[in-house]
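Asks: Encoded as structure tokens, here's the structure I'll be asking about.
The values are calculated or read from the model by the stated rules, or taken from the named source; none is laboratory data. Predicted, not measured: the structure shown is a model, and the values here were computed from it. All Cβ positions, even for glycine, are placed from backbone atoms using ideal geometry, and neighbour counts span all protein chains on display. We work out accessible area using only protein heavy atoms, side chains counted, and drop any ligands, DNA or RNA first. Shrake-Rupley method; radii C 1.70, N 1.55, O 1.52, S 1.80 Å.
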Amino acid sequence: MFKSFCGFAFNPFDKHFLSEKDSFMSRDHKEMTSRLSYLSEVRGIGIFTAPPGFGKTFSLRCFAKGLNPNLFQMEYICLSTVSVNEFYRQFCSVLGVDASYRKAAMFNAVQDRLFHLYKEKRRPLILAIDEAQELDVRIFKDLKMIMNHGYDALNCFALVLTGEPHLNHILEKPVHEALRQRVTVHYNFEGLSDGELAEYIYHKFRIAGAAQSILGDGVVPAVHGYAGGNPRLVDNLMTDALAIGAQAGKKVIDTDVVLAAANSQSLV
């Protein structure tokens with residue numbers, strides 16, 4: 001509804017219209033990309049944590065999009081609430097090896113395939129597991145053993161664990177000490193800074209062909225007051241604000257419209 005009214009080619013705050021090439025290079029996005037690039041070269045384990053909506057999965061997707069498929073094989077697992085055997089079957093599936101009902105057989109098949117990709121194919125695996133805070137403690141233990149190759153002399157692949165902040169607390173437990181010692185890179189998202197928030201909104205406007213002038217004075221601080229540095233909350237709030245503004249016939253989004261949008265976002 002608001003697209004034609006506000007002069008948008010599309011809704012840039014809708015993730016379905018967001019392509020990797022149009023990503024906003026926030027501090028968090030740059031830091032994660034830099035660390036993933038390093039991890040892809042040295043392999044080992046990378047831990048990336050953020051509250052929901054901070055963009056860690058999108059940053060991961062952007063990184064995957066930019067990888068040379070002739071040099072790396074990147075795979076993504078997002079179903080983390082599974083049993084150990086189900087996890088192994090997922091792992092076998094992404095590696096293209098036959099799954100078995102026996103864990104030991106799948107463990108050996110996975111390790112053999114990982115070594116083959118690294119040594120023979122010269123195309124090591126980068127495995128990303130999303131929502132890793134939901135993983136069974138036994139899967140964490142097995143990941144440590146899978147990383148142990150050639151008498152623990154070789155990292156055949158890179159393991160990326162992304163999740164919510166309490167993933168850090170889970171890995172701090174003594175039972176995960178051996179896995180934690182294998183962590184090569186680690187980054188906790190901080191969200192959009194005060195300065196980045198305005199740049200983020202205006203960047204979205206530009207890629208949709210809209211003018212910055214449709215935002216009134218005080219709108220950015222108002223958005224920040226509701227959404228903080230959470231990009232998803234900013235996107236949701238701005239979508240509602242644009243729709244409410246269009247319904248009211250306002251060519252400029254003011255703080256009253258943002259307040260109305262914030263109220264519409266409330267589930268209370």
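Asks: Looking at the range 13-24, can you tell me whether even one residue there is within 30 Å of Ala243 (Cα to Cα), without any contact (Cβ under 8 Å) to a residue 40 or more places away in the chain and outside any helix (DSSP H, G or I)?
Replies: Yes, because at least one residue in the range 13-24 is within 30 Å of Ala243 (Cα to Cα), without any contact (Cβ under 8 Å) to a residue 40 or more places away in the chain and outside any helix (DSSP H, G or I).
Asks: Is it the case, given these coordinates, that Gly225 is without any contact (Cβ under 8 Å) to a residue 60 or more places away in the chain and in a helix (DSSP H, G or I)?
Replies: The answer is yes for Gly225.
Asks: When you scan the range 190-237, how many residues do you find that are open to solvent by 50 Å² or more (accessible area, probe 1.4 Å) and of a type in the set (Phe, Trp, Tyr)?
Replies: 2
Asks: Related question: Kindly establish whether Gln247 is in contact (Cβ under 8 Å) with a residue 60 or more places away in the chain, surrounded by fewer than 17 Cβ atoms within 10 Å (Cβ to Cβ) and polar (S, T, N, Q).
Replies: yes
Asks: Ok, one more. Just to confirm my filter: which strands (runs of 3 or more DSSP E) fall fully inside the range 89-189 and include at least 2 residues that are surrounded by fewer than 17 Cβ atoms within 10 Å (Cβ to Cβ)?
Replies: Because the criterion is at least 2 residues that are surrounded by fewer than 17 Cβ atoms within 10 Å (Cβ to Cβ), the strands (runs of 3 or more DSSP E) in the range 89-189 that meet it are 183-188.
Asks: Got a number for residues in the range 190-213 being small (Gly, Ala, Ser) and either assigned to a loop (DSSP other than H, G, I, E, B) or touching a Gly at 6+ places or on another chain (Cβ under 6 Å) (or both)?
Replies: Residues that pass the stated criteria total 6.
Asks: Could you list, in sequence order, all residues of the range 197-233 that are farther than 23 Å from Phe5 by Cα and among the basic types (Lys, Arg)?
Replies: The one that is farther than 23 Å from Phe5 by Cα and among the basic types (Lys, Arg): Arg232.
Asks: Output the number of the condition that Ser4 fails; it satisfies all remaining conditions of (1) small (Gly, Ala, Ser); (2) modelled with pLDDT under 95; (3) surrounded by 20 or more Cβ atoms within 10 Å (Cβ to Cβ).
Replies: (3)
Asks: Next up: If you scan the range 30-60, which residues turn out to be of a type in the set (Ser, Thr, Tyr) and part of a helix (DSSP H, G or I)?
Replies: Thr33, Ser34, Ser37, Tyr38, Ser40, Thr57, Ser59
Asks: Quickly run through the range 68-77 and pick out the residues that are assigned to a loop (DSSP other than H, G, I, E, B) and open to solvent by 80 Å² or more (accessible area, probe 1.4 Å).
Replies: Matches in the range 68-77: Pro69, Asn70, Leu71.
Asks: Let me ask you something else. Among the residues of the range 50-66, is there at least one that is over 14 Å from the mean Cα position of the chain (by Cα) and surrounded by fewer than 20 Cβ atoms within 10 Å (Cβ to Cβ)?
Replies: Among the residues of the range 50-66, at least one is over 14 Å from the mean Cα position of the chain (by Cα) and surrounded by fewer than 20 Cβ atoms within 10 Å (Cβ to Cβ), which makes the answer yes.
Asks: Given the conditions (1) of a type in the set (S, T, N, Q); (2) farther than 30 Å from Ser34 by Cα; (3) in contact with a Phe, Trp or Tyr (Cβ under 8 Å, 6 or more places away or on another chain), which single one is not true for Asn236?
Replies: Evaluating Asn236 over (1) of a type in the set (S, T, N, Q); (2) farther than 30 Å from Ser34 by Cα; (3) in contact with a Phe, Trp or Tyr (Cβ under 8 Å, 6 or more places away or on another chain) leaves (2) as the failure.
Asks: Of Arg35, Arg43, which residue is under 20 Å from Leu125 (Cα atoms) and either modelled with pLDDT of 95 or more or open to solvent by less than 30 Å² (accessible area, probe 1.4 Å) (or both)?
Replies: Arg35
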